[in-house]
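Just below is one structure, and these are the notes that go with it.
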Amino acid sequence: MTEPSLLIQSAWLIPALPLASAAAIAAFGRRLPWHGAEIGIGAILTSLLIAIAIAWETFTTVDPAPYEAAYAWSPLGGGFVLELGMLIDGLTAMMFLLVTLVSSMVQIYSREYMHGEKRFTYYYAMLSLFTFSMLFLVIANNTLQAVVGWELVGLCSFLLIGFYWEDKSNQDAANKAFLTTKFGDVGLIVGVIVLSAGMFGLTDTPFNFLQTIDAAVAGELSTATIVLGMLLIFVGCISKSGQMPLHVWLPDAMAGPTPVSALIHAATMVTAGVFLLARLFPVLAQSATVMAVIAVVGVITLFFGGLLALVQDDIKKILAYSTISQLGYMVAAIGVGGYTASVFHLFTHGFFKALLFLGAGSLIHAVHSNNISDMGGLRRFMPHTFWTFTIGSLALAGFPLTAGFFSKDEILVAGDLWAVNGFATGTAVYWVGLAAAFVTTFYMARAWFLIFMGEHRGAGHADAHGHDAHDDDARTRTTRTTHDAHDDHADHGAHHADPHESGRQITVPLMILAVLSIAVGLIGSPFAQEKPNFESWTSTTVIAETTYPFLAEYAAAGTGIAAAAAEPSAKILHGPPTWHLDLLLIVLVVFSSAVALAWRFYGRGLPAQDPMMRMGGLTRVLVAKYGFDSFGYRFIVVPVRDRMSAWATRISNDVIDGAVAGIGTTTMRLARTTYTVVDQRIIDGGVNGAAFSAAWWSARLRRIQSGDVQRYAGALVAGVILLVLAFVAVR
C-alpha cells in the first residue's frame, strides 16, 4: 500500500476550519466590519478548496484504497479501544464537495439576505458549527464518532429552526424537529450498540466502519446481529432523513431562515441518514429482509410525500415536501441495490434543491410573502431568479439532460434490475417512481406558472381567491418566520410598488448552483468516460467485489428466481450508465403530460378556485397531511404532555417540595439542638463552669493572704511541728 499524500492526511482540516471559525465568530465577530461573516465565509471557502483538491486526487486515482487514521485510547481497559479518526474514500470526498460547496453558497447568500438581522453574528457562528457537525459525521471512521456528529447536527438544526424564538410557532417547530429526530436517534444508538456487540471478540475497535463491513461480508457477524442492528439504525435514518411516518418535522422546519432551509434540505441534516446507509451498505446488503424494509419505506415516502406538495401555497413547504419525496427515492434505491444511484441522486439533489430554496428566498425577499398565490408575473421583474429557478425546477422534475434526470433514471434502472431478480420491491420502485415523477413535475409546474406567469398579484390577493385553505397553518404564521422580520429593505418605509431583483450576493450563488444543477449530472451519465466515473469514485474494494449472498441462496432453492437471470444484477455495481431509450421516452411522456395538465389549470394565472382544492376526499386527506400531525398531537403530544405535566406537578409539590420542606425542618431542628445542647450546655457551660470554679478557688485562696502577721507565725509553727512529727513517724 502506497503512502497517502500530505493532502489526504490533512483532510481533517476540512471540518476543523468551520469549527475554528464558529469559535472565532462567537468570540469577537461583533467587532469585525462584516460582524463575523468574513470569518465564516473565509473558513468554508478554504475547506472547499481543500475538498476540491482531495476529490481530484481521489477521483483521478485508479482504484484508490481508503485512507484511515485515528487517535486511539483505551479508558475502559480490557483491550477495548475508542477512536477519534477519519476515513477518506470516494464517498467521503463526494460528501466533502457537496457540503462545503453548498455551505459556501449559503454563507455568501446569507450576507445579503440576513442583512440587518440583530442576531447576525450568532447566525453565522451557528452556520459554521452546523457545517462542522455534518463534516465531522462524514469524516468519521467509526460509528460512535458518527453518532456524535449526528447528534451535533440535530442540535444545530434545533437552534437554527428556532432562530426566531420570539414567536411560539417557531419554538414549537424547533421542539417538534428535535423531539421527532430524538425518537429515531434512540433506535440509531441501540442499533450501533447491537452492531458493535457482534464485533467484540473479533477486534479491539468494535465501532470501526471498515472492520465492521469486512466482518459482515466475511460472514463473521450473525444474521440476527445484522438484521436487528441495521433495522434499528434505519429507524434513526427514518427520522433524520424525513421518511414516513417520522417526516412530520421537516415541513415545520421552514420556520427557520430560508438559507438554513437550503442547508438542511440540500447538504446537511436530511442527507445524514442516506449517507449512513451508504456507508454501511455492504452490511445491510447481507440481508434481504433489511433491504426489503428499506425499499418499502422509501417507496411509500417518495410517492405519498410528493402528493402533499399539491395542496401547498407556501413555496418553502412545496419544496419541503419535494425533499421528502426525493429522499424517498434515495432510500428506495438503497433498498433495491442501487448504491451508486442513491449516492448519485444525493449528490445532484443537493445542488438543485439548494438552488430552489435559495431561489425561493430571493422571491420572498422581493414580494415579502411565502405564498405563490401572492406572486405571479415575476419573470419580468426578476430575470436572474426566473432562469435559475427554472433550471432548478427542471432538474427536480427530471427533465432530460439535467442532473436530476440522470440520477433519478439511475434509480429507476436499479429498480428494474432488482425486479429481474424476482423482487417485487424493484417493480414498485420502477413504476411508483415514474408515478411520483409525474406528481413532482406537476406541482413544480404549478408553482412555476403561479410564480412567474400572468400578472403580478401582490400581497393579499390570495384571500379573494379562496386560497386560505391551502395549508392549515400557513396563514396562522406570520411572514416573520421567513424574511420580512430582517428584510434589509424594511428600513426604507413602504415596500416597493413592484418586485425587484435581488443583489449580486444572492444572484451569483443562484447562477453557480444553476450551472452545477446541469453539469454534475454529466459525471454519472452515459456521456461520462467508462472509467473512472461516478460509480468508481464512490465505490470501495468491498463494494466492487461483493455480491448479494441471498441471491445465490434463492437461486439454489429455486425461490422465484433463476440463476441465469440473477447473474447480471448480482453485483452491487452495475457498470457505467447506458442509454435506456424506452425509459427516456417514458420520462418525456410523463414530463410533457404533467406540464400540459398544469398549463391547463394554471397557464392563465391563478384560477378562481384551485383545482387541487376541489378533489373531494383526496384534498381533505392531503390538507390534513394524512392525519399524522393530528394523530401525533392527539394521541402522543397531548397525553404525554398532560400526564407528564400532572406527574411533574405531583413530583414538584409532593416529592421535591416535601423533600425540601423535610430537609428544612430537619435542619432547623438540628440547629436548635446544636444551639441548646452543644452551644449553650456544653460549650457555654464549660466556659462558664471554668470561670465559676476559678472564682470559687480564688475566693478561698484569698483568705490565706490576709496580711495578719500573728496568723502567718502560727501557721509557720504548726507546719514545723507537722514536719517533725512526720519525720519521727518515718524513722
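The values are calculated or read from the model by the stated rules, or taken from the named source; none is laboratory data. All values reported here derive from a predicted model rather than from experimental measurement. All Cβ positions, glycine included, derive from the backbone under ideal geometry; neighbour counts span all protein chains shown. All accessible areas refer to the heavy atoms of the entire protein, side chains included, with ligands and DNA or RNA removed. Shrake-Rupley method; radii C 1.70, N 1.55, O 1.52, S 1.80 Å.
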(request) Would you mind getting the accessible area per residue of segment 651-731, heavy atoms of the protein chains only, 1.4 Å probe, in Å²? (result) 87
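Heavy atoms only, probe 1.4 Å: what % of the accessible area of the chain goes to carbon and sulfur, would you let me know? Show your work: numbers first, answer last.
On the way: 20430 of 30550 Å².
Within the chain, the accessible surface is 67 percent carbon and sulfur.
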(request) Take the alpha carbon atoms of segment 234-273, find their center, do the same for segment 78-157, and report the distance between the two centers in whole angstrom. (result) 15
(message) Quick check for me: using +1 on Lys/Arg Cβ and -1 on Asp/Glu Cβ, what's the dipole size of segment 150-290 about its Cα centre, in debye to the nearest 20?
(response) 160
(message) Between segment 601-629 and segment 24-54, what is the separation of their alpha carbon centroids in Å?
(response) 44
(request) Describe numerically, in nm with one decimal, the distance between label points set 7 Å from Cα along Cα→Cβ at V724 and at K168. (result) 11.3
(message) I'd like the projected area of the chain, averaged over all directions, using the convex hull of its alpha carbons. Report it in nm² with one decimal.
(response) 56.1
(message) Under 8 Å for C-alpha pairs, at least 6 residues apart: give me the relative contact order for the chain, rounded to a whole percent.
(response) 13
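Let me know the charge dipole size of segment 55-140 about its Cα centre in debye, to the nearest 20, where only the beta-carbon of Lys, Arg (+1) and Asp, Glu (-1) is charged.
Here the size comes out at about 480 debye.
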(request) Return an integer: the convex hull volume of the alpha-carbon atoms of segment 1-53, in Å³ per residue. (result) 64
(request) Determine, from the Cβ-Cβ distance of L202 and W73 and an R0 of 25 Å, the FRET efficiency 1/(1 + (r/R0)^6), rounded to the nearest 0.05. (result) 0.80
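What FRET efficiency would be calculated for the residue pair Q710, T673, taking the C-beta separation as r and a Förster radius of 56 Å, to the nearest 0.05?
That pair, Q710 with T673, gives E of 0.45.
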(request) Quick one: what are the phi-derived ³J(HN,Hα) couplings along segment 215-231, Karplus 6.51/-1.76/1.60 with θ = phi - 60°, whole Hz, x for glycine and proline? (result) 5, 5, 5, 7, x, 7, 9, 5, 4, 4, 5, 5, 5, 5, x, 6, 5
(message) Which order do the peptides 291-302, 212-223 come out in when sorted by mean C-beta neighbours inside 10 angstrom, highest first?
(response) 291-302, 212-223
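Can you give the net charge of the other residues whose Cβ lies under 14 Å from the Cβ of A266, counting K and R as +1 and D and E as -1?
With Lys, Arg at +1 and Asp, Glu at -1, the net is +2.
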(message) Output wanted: per-residue J couplings in Hz (rounded whole) for segment 35-43, from phi through Karplus 6.51 cos²θ - 1.76 cosθ + 1.60, θ = phi - 60°, x for Gly and Pro.
(response) 6, x, 4, 5, 6, x, 5, x, 5
(message) Take R650 and E3, extend 7 Å from each Cα along the Cα→Cβ direction, and tell me the distance between the two endpoints in nm.
(response) 6.9
(request) Could you tell me which of S5, V367, I518 has its Cα farthest along the dipole of the chain towards the positive end, charges placed at Cβ (Lys, Arg +1; Asp, Glu -1), taken about the Cα centre? (result) V367
(request) Report, in debye and to the nearest 20, how large the dipole of the chain comes out about its Cα centre when Lys and Arg carry +1 and Asp and Glu carry -1 on their Cβ. (result) 2740
(message) What are the ³J(HN,Hα) couplings of segment 4-10, residue after residue, when phi is run through the Karplus curve with 6.51, -1.76, 1.60 and θ = phi - 60°? Round to Hz, x for glycine and proline.
(response) x, 5, 4, 4, 5, 5, 9
(request) Using only C-alpha atoms and all pairs of different ones, pull out the Kirkwood radius for segment 171-227 in Å with one decimal. (result) 12.8
(request) Using +1 at the Cβ of each Lys and Arg and -1 at the Cβ of each Asp and Glu in the chain, identify which of A177, L722, L276 lies farthest towards the dipole's positive end. (result) L722
(request) Quick one: angle between helix 120-139 and the longest Cα principal axis of the chain, in degrees between 0 and 90, rounded to 10, please. (result) 80
(request) Rank by packing, highest mean first: peptides 123-129, 525-531, 352-358, with packing defined as the count of other Cβ atoms within 10 Å averaged across residues. (result) 352-358, 123-129, 525-531
(request) Of the options A255, V590, L670, report the single residue whose Cα projects farthest towards the positive end of the charge dipole of the chain (beta-carbon charges: Lys, Arg +1; Asp, Glu -1). (result) L670
(request) Please tell me which of these pairs span more than 23 angstrom C-alpha to C-alpha: K118/K317; K118/K625; K531/K571; K118/K182; K240/K317? (result) K118/K317; K118/K625; K118/K182
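What value, in deg cm²/dmol to 500, does the helix sum -39500 (n - 2.57) over DSSP H runs of n ≥ 4 give at 222 nm once divided by the residues of the chain? Mind dumping the intermediate values first?
Numbers: 32 runs with 473 residues, N = 731.
Here the helix-only value at 222 nm equals -21000 deg cm²/dmol.
Working out 0.36 nm times the residue gap between A65 and V420, then minus their Cα-Cα distance, what length gain in nm do you get to one decimal? Mind dumping the intermediate values first?
On the way: separation 355, 0.36 × 355 = 127.80 nm, distance 3.21 nm.
Result: 124.6 nm gained on full extension.
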(message) Can you give me the angle between helix 270-279 and the longest principal axis of the chain, using Cα atoms only, in degrees from 0 to 90, rounded to the nearest 10?
(response) 90
(request) Would you mind checking the radius of gyration and Dmax of segment 298-386 based on alpha-carbon positions, in Å? (result) 15.1, 46
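What's the extension gain from T541 to K571 if we count 0.36 nm per residue and subtract their Cα-Cα distance?
That pair, T541 and K571, stretches by 9.5 nm at full extension.
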(request) Would you rank K182, K571 by solvent-accessible area, highest first, keeping every protein chain in place and using a 1.4 Å probe? (result) K571, K182
(message) Can you give the local net charge around I586? Use residues other than it whose beta-carbon is closer than 14 angstrom to its beta-carbon, Lys and Arg +1, Asp and Glu -1.
(response) -2
(request) Rounded to whole Å and sorted largest first, list the principal axis extents of the Cα atoms in segment 104-223. (result) 58, 29, 19
(request) Work out the FRET efficiency for F635 and I663 from their Cβ-Cβ distance, taking R0 = 41 Å, and round it to the nearest 0.05. (result) 0.55
(request) Could you do me a favour and compute the accessible area per residue for segment 204-250, 1.4 Å probe, result in Å²? (result) 29
